[in-house]
Amino acid sequence: MSKYIEKFVLPNQTIEENLIVNRMAENGGIYGYIDNIYPCDIFPNIGLSELDFENITILYGGNGSGKTTLLNLIANKLSLKRMAPFNNSELFSSFVDSCKIKMAEDDDGVEFRAVPQNSRIITSDDIFDFMLTARENNEQISHDTQEMKEKWQELKYGETIKLRGFEDIEIVSQQILAQRKSLSRRKFLYKFSGKEQKLNSNGETAIEFFEKKLENDCLYCLDEPENSLSPQFQKLLVEIIEKKARYCGCQFIISTHSPFVLALNGAKIYDLDSTPVDIKKWWELENVKEYFSFFETNRKYFIKN
């Protein structure tokens, strides 16, 4: 098990007020204004000043609780790689600059200078984009393949194309390849149109995404990774995260509503719905209690006599 960061400290209310005043001055002196003070005025209101991290740390809370904002602040402070854009504001960069990070120590007691290079933040948008891109690529390849099938027939059995100048080199080369006995039509189409990617269900594709992106010895911020995953696939994702955290030198900071993810072995959970923010066990969280209440009410449908 590995940790790369130990603590994240947020600016206090006084520092936030100074950030706002300074930005107002930059926008026009005493008459300056700010359209949006985000991410100020979130965390002092819920009594959150700092986070102490374990190998797996979970941020739990409802919409608007600040858990995604926290992930983005941490990711930006650590300069983590990211794919999808995030909600920003004119105060965001200066807010990040006012945050503080305490790095963890390695096995020799030496403090890490930075997180591993391939550490990243992964959001549900990244997974949806992965799925959509694969489908769009397949549609384009399918279209190109249909055109190339017609072209292959013409090149293979049509009249020989004469080389009159440089502009004919490509089409003559294609005809030579099409007429080779050693090159099947399928290989010809792969070469000029591409090969469609096999697409599974959304859940299978999402799990494939995590298996590809979660490398060993890295820090990962995961924003609601359970999105698009059925309970069966959420349990599979939990197995992947636990394995990576226990055996592969990874540290995770996760925002989630999922009872399966909340129940990750050894996870430290911050309940952002509590004021002040409190550390709780997964079975103490209101969201999980609601699930329990629902199934308890309907126990008769699940228990066989």
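The values are calculated or read from the model by the stated rules, or taken from the named source; none is laboratory data. Source: prediction; values computed, not measured. Positions of Cβ are generated from backbone atoms using ideal geometry, with glycine treated the same way; all protein chains shown enter the neighbour counts.
Values for this structure:
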| item | result |
| --- | --- |
| Selection from region 11-46 of residues that are in contact with a helix residue (DSSP H, G or I) (Cβ under 8 Å, 6 or more places away or on another chain), touching a residue at least 60 places away in the same chain (Cβ under 8 Å) and of a type in the set (A, V, I, L, M) | ILE15, LEU19 |
| Among the residues listed as LEU59, LEU51, LEU70, the single one being assigned to a strand (DSSP E or B), within 25 Å of ILE15 (Cβ to Cβ) and within 20 Å of the chain's Cα centre (by Cα) | LEU59 |
| Subset of region 49-61 that is crowded, with 20+ Cβ neighbours inside 10 Å and out of contact with any helix residue (DSSP H, G or I) (no Cβ under 8 Å at 6 or more places or on another chain) - its residue that is nearest to VAL261 (Cα to Cα) | THR57 |
| Filtered residues of region 14-48 (kept if of a type outside the set (A, V, I, L, M) and under 30 Å from the mean Cα position of the chain (by Cα)) | GLU16, ASP35, ASN36, TYR38, PRO39, CYS40, ASP41, PHE43, PRO44, ASN45, GLY47 |
| Flag for GLU6 being within 22 Å of the chain's Cα centre (by Cα), in a loop (DSSP other than H, G, I, E, B), modelled with pLDDT of 95 or more and acidic (Asp, Glu) | no |
| Subset of region 73-125 (residues that are over 19 Å from LEU214 (Cα atoms), hydrophobic (A, V, I, L, M, F, W, C), out of contact with any strand residue (DSSP E or B) (no Cβ under 6 Å at 6 or more places or on another chain) and in a loop (DSSP other than H, G, I, E, B)) | PHE86, LEU91, CYS99, VAL110 |
| Search result, residues across region 1-38 that are over 30 Å from MET103 (Cβ atoms) and loosely packed, with under 13 Cβ neighbours inside 10 Å | VAL21, ALA25, GLU26, GLY28, GLY29, ILE30, TYR31, TYR33, ASP35, ASN36 |
| Pairs with Cβ under 7 Å, 6+ apart, first in region 273-299 and at positive phi, second loosely packed, with under 12 Cβ neighbours inside 10 Å and outside any helix (DSSP H, G or I) | none |
